[in-house]
Amino acid sequence: MEDRDAGRALSTAVVAFHEAVGASLGVTAVDQRALAVIAGAGSVSAGELAREIGLTPGAVTGVVDRLVRAGLASRTPDPEDRRRLVITAVPGAFGDAFAGLGKAMAELAERYSPAEQAVIADWVANTIEVLREQTRILNARPPRR
């Protein structure tokens, strides 16, 4: 498999996995991405969430509505500014959705020496930065009509 094909296959597999996780949780992949951001931050405002995942505040309202309906997140008044709502992930919101993946990835990592794991970790970290930069570039473009 050529590098380009491997990258495309990896991307497709990651998207398919996240779609399956979203389906198991009863939410979309975008909702799941928002939930990961919320859980990672502890709590966020809708505006902060919109900026982090690149959606409009109106679209984020729909995302948060779905997460709250699914029992995965809650909205509470900000203790420092009662006009603002804070979104928090429900503890254990992801349940065991990632348990199988974590175990399988740990088993995969065991196949590689510590030096090889360091190279792989470097490649992954740099790939993440490339993807974030390319995402910023695409998001800065006007939408196609």
How far is the Cα center of the stretch 12-43 from the Cα center of the stretch 108-127, in Å?
24 Å
Sequence order, the stretch 28-33: Karplus ³J(HN,Hα) from phi using 6.51 cos²θ - 1.76 cosθ + 1.60, θ = phi - 60°, Hz rounded, Gly and Pro as x, gives 7, 5, 5, 4, 5, 4
For Ser45, which sequence-distant residues (separation of 5 or more, or a different chain) have an amide H within less than 5 Å of its own amide H, given hydrogens modelled in the peptide plane?
Ile87
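When the dipole is taken about the Cα centre of the chain, and only Lys, Arg (+1) and Asp, Glu (-1) are charged at their Cβ, what size is it in debye, to the nearest 20?
On the way: 17 positive and 18 negative charges, 161 e Å.
Roughly 780 debye, rounded to the nearest 20.
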Karplus-derived 3J(HN,Hα) from phi for the stretch 80-90 (6.51 cos²θ - 1.76 cosθ + 1.60, θ = phi - 60°), whole Hz, x at Gly and Pro, runs 8, 8, 4, 6, 9, 9, 10, 9, 10, 6, 5
Per-residue ³J(HN,Hα) for the stretch 45-62, Karplus 6.51 cos²θ - 1.76 cosθ + 1.60, θ = phi - 60°, Hz, x for Gly and Pro
8, 4, x, 5, 5, 4, 5, 5, 9, x, 10, 6, x, x, 5, 5, 4, x
Can you pull a Stokes-Einstein diffusion coefficient for the stretch 65-130 at 37 °C (0.692 mPa s), Rh from Kirkwood over Cα pairs, as a whole number of µm²/s?
212 µm²/s
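What translational D, rounded to a whole number of µm²/s, comes out for the chain from Stokes-Einstein when the hydrodynamic radius is the Kirkwood one over Cα pairs, at 20 °C and 1.002 mPa s?
Details: Rh = 17.5 Å.
Using the Kirkwood radius from Cα pairs, D works out to 123 µm²/s.
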Given H placed on each backbone N at 1.01 Å, which residues far from Val90 in sequence or on other chains put an amide H within less than 5 Å of it?
Ala73, Ser74
Averaging sequence separations of C-alpha pairs under 8 Å and six or more residues apart, then dividing by the length of the chain, give the relative contact order as a whole percent.
18 percent
Where in the stretch 44-145 are there GluC sites (Glu not before Pro) that are in a DSSP coil and have at most 14 other Cβ atoms within 10 angstrom of their Cβ?
Glu80, Glu110
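Each value in this text was obtained by applying a stated rule to the coordinates, not by laboratory testing. In this text, all values refer to a predicted model and were calculated from it rather than measured experimentally. Using ideal geometry, Cβ is built from the backbone for each residue, glycine included, and neighbour counts are taken over all protein chains shown.
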